[in-house]
Every structure is written in C-alpha cells, then in structure tokens.
Amino acid sequence: MRHVLKQAAVLAAPLLLAACAGVGGHRAAPPAAVEQVSAEAALAEVQRVRTLMAWPAWSFTGRVAISRGREGGSGRIEWHQVGRGYDVALSAPVTRQSWRLVDDGHQGEARLEGLPGGPRGGADAEALLAEATGWRVPVNFLPDWVLGLPARDAPLPEQVARDAQGRPRQLQQLGWDI
C-alpha cells in the first residue's frame, strides 16, 4: 500500500508542477470530456481512487518551478499531508529563501513562516499566501490534484483527458490546467 501511494505521489508530482490537484466528495468528470477507456481500465481507476482516498497520509519531495509572466523561480518542495492538514516547505537555493505553510486541518488556521517581519496566520491559506507573496496558488485543491483527482468541494472539472489505463493525464478545473 505504501509503495502504491509513493508511486502515485511520484507520478502525480509533475501534475503539481505543471499547475503551479473520493469516495463521497470525489465526482466523475462530465462524460463528454472523458476519453473512452475499457471497462477493465475504468474499474482499475475506481480502485485507484478508493485506495488513495483510504490512505489520508502521504508526502512527496521534489523540484518546483513557479512562473508568473516574466517573473519566476525554482526550488525544492516538501509536502506532507495528513487528512485535510498539510505542511509544505519551499526553498529557493539561489536566493536562500525558504517558506513553510502549515494547516493542521482542524482549527481553520493556516500559518506561513519565513516572511520578513515574522510568521503570519489566517483562516484561508490561499488568501494568506496571496497577501504575503503575491502568488495565487490554489492550496486547498492541490492535495487532490497532486493525487490525480478532481478537487473536492469544487465545481466539476471542465475537462479530463485519460490515458489507456483510465488514469487522468490532464485535468482542467477552476481555470487551472493540471
């Protein structure tokens, strides 16, 4: 099981980089947006989603590139997820800057560390990050997108393209291409 999640996180990490991703909350994409896959592949995808939803704790480490127009940079990302809570560390070796965004998923309070003037907190991690850095990052939807799932508690994806095994290879949701 742990190997499956590690492999899923490794395979899904490029989705996160390209964007900046259940039972009950997971919804299928609109039928017109889904490429035809075999019944066996569709069943395997259902099992993949169930497996991912049953394992609430996962993590990955990798490289990240962020661009906004002519501005941008790259660095290292470490993401640890437990349920709806997360601890995300970003570091940029060239500038020697690092940030850490933490939300335990229970108290409704996100904390952003590594800023001039000290840490900042707020109820909405996305708004907190935008206010502090100018970056608009859909923090609350990334845990699902990283796993190759449509974001829960969001409108259905505009488009989902699937590979021959029925897994999503491209997802468009809320104006983001993953």
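The values are calculated or read from the model by the stated rules, or taken from the named source; none is laboratory data. Not measured: the values here are computed from a predicted model. Note: ideal-geometry Cβ built from the backbone for every residue, glycine included; neighbour counts use all protein chains shown. Just the protein is used for accessible areas: all its heavy atoms, side chains included, with ligands, DNA and RNA removed. Shrake-Rupley method; radii C 1.70, N 1.55, O 1.52, S 1.80 Å.
Anything in segment 109-130 that is over 20 Å from Gln97 (Cα atoms) and out of contact with any helix residue (DSSP H, G or I) (no Cβ under 6 Å at 6 or more places or on another chain)? List them, or say none.
Those that are over 20 Å from Gln97 (Cα atoms) and out of contact with any helix residue (DSSP H, G or I) (no Cβ under 6 Å at 6 or more places or on another chain): Glu109, Ala123, Asp124, Ala127.
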- Item | Among the candidates Glu40, Glu71, Glu78, residue that is in contact with a Phe, Trp or Tyr (Cβ under 9 Å, 6 or more places away or on another chain) and either over 20 Å from Ala151 (Cβ atoms) or open to solvent by 90 Å² or more (accessible area, probe 1.4 Å) (or both) | Glu78
- Leu156 passes all but one of (1) under 30 Å from Ser38 (Cβ atoms); (2) open to solvent by 40 Å² or more (accessible area, probe 1.4 Å); (3) in a helix (DSSP H, G or I); which number fails? (3)
- Item | Restricting segment 167-178 to residues that are crowded, with 20+ Cβ neighbours inside 10 Å and of a type outside the set (A, V, I, L, M, F, W, C), the residue that is nearest to Val139 (Cα to Cα) | Gln173
- Query: Scanning segment 131-157 for residues that are touching a helix residue (DSSP H, G or I) at 6+ places or on another chain (Cβ under 7 Å) and of a type in the set (D, E, K, R), which turns out modelled with the lowest pLDDT?
  - Reply: Arg136
